[in-house]
Amino acid sequence: MKKIYSFLVLIIFSFSLKAQWAQLKSENLNGFAEMNGLVYSGTSVFLATSGGVFRSTDNGVTWNLSVNGLDETSLDVSKIVFISSRNELWISSKGGIFQSTNDGVSWTKPEMIGLPANGWSDQIGRIGDKLVIKFNNWSDNKTYLYYSDEVLTGSRGL
C-alpha cells in the first residue's frame, strides 16, 4: 500500500513541477538580449536592458522605452531597484544614478549629498528601505559602499 501512495505522490509532484512558458512578444523589445533587471511596481513592470528602461503597464503584453530624463549618450542600464515604501524606482547606468517617483514615466539625476566629489557611482542595490550604491573614489583608487534612507538628504558609508 505504501508503494502505491508513494507512486501516486510521485506522479502528482511530477505534473506540478512542469512549467508552462510563453514568450514576451513586443516589437519594442527586439534586439535587446541582455536583461539586467526586472521589477514590478504594483502598477507597471520595468525591464532594465543595455538599450534603456522598458515599461509595461499591461503585465508585459506591450513595452515602451522609458528614457525621459536619462543621459541618452549611455542608455546601458545595469541595475534597477524598486523601493515600495518610498514609491521610488532607481537605476544605475554608465550615465550615473537616476530616480523616478512617477512610476517610470520620467527620470531625474538626484544630487548625491554626502558623497565625495572625486568619484562616481555605477551600481545600486537595496537593503529593506535603504538604497545602497557602490562609489568608486578617484583619490585613493578604492571602492566604497554608501547607503541612504533618502538619497536627497544625505548618505552614510558602510
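Only the coordinates and a few stated rules stand behind these numbers; no lab work does. All values derive from a computational prediction rather than experimental measurement. Here the Cβ is made from the backbone with ideal geometry for all residues, glycine too, and neighbour counts use every protein chain on show.
Fully extended, how many nm does the chain gain between S84 and K134 (0.36 nm per residue separation, minus their Cα-Cα distance)? Present the calculation step by step, with values, prior to reporting the outcome.
Numbers: separation 50, 0.36 × 50 = 18.00 nm, distance 2.11 nm.
The span from S84 to K134 would gain 15.9 nm if fully extended.
As a footprinting exposure proxy, order I83, I133, I113 by other Cβ within 10 Å, with the fewest listed first. Let's see the in-between values first.
Details: I83 18, I133 22, I113 12.
Fewest-to-most ranking of I83, I133, I113: I113, I83, I133.
Using a 10 Å cut-off around each Cβ, can you sort T57, T73, T143 from fewest to most neighbouring Cβ atoms?
Details: T57 15, T73 7, T143 12.
Ascending Cβ contact count within 10 Å gives the list T73, T143, T57.
On the Cα set of region 29-157, report Rg and Dmax in Å, please.
Spelled out, the Cα radius of gyration and Dmax of region 29-157 are 14.4, 47 Å.
Which length gain, in nm to one decimal place, applies between N64 and M35 when the Cα-Cα distance is subtracted from 0.36 nm times their residue separation? Walk me through the intermediate numbers first.
Details: separation 29, 0.36 × 29 = 10.44 nm, distance 1.50 nm.
Result: 8.9 nm gained on full extension.
Please work out how much length the chain gains when fully extended from T43 to N118, using 0.36 nm per residue of separation minus the C-alpha to C-alpha distance, in nm with one decimal. Before the final figure, lay out each step's value.
Values: separation 75, 0.36 × 75 = 27.00 nm, distance 3.78 nm.
Stretched out fully, the T43 to N118 stretch lengthens by 23.2 nm.
Using a 10 Å cut-off around each Cβ, can you sort R126, R55 from fewest to most neighbouring Cβ atoms? Before the final figure, lay out the partial values.
Values: R126 15, R55 21.
Starting with the residue having the fewest Cβ neighbours, the order is R126, R55.
Taking N as the number of residues in region 36-101, what is its Cα Rg relative to 2.2 N^0.38 Å? Kindly include the intermediate steps, with their values, before the conclusion.
Values: Rg = 10.9 Å, N = 66, 2.2 N^0.38 = 10.8 Å.
That works out to 1.01 for region 36-101.
What's the local net charge at S44, with K and R +1, D and E -1, over the other residues with C-beta under 10 Å away? Don't skip to the end; give the middle numbers.
Numbers: positive: R55; negative: D58, D103.
Value of the local net charge: -1.
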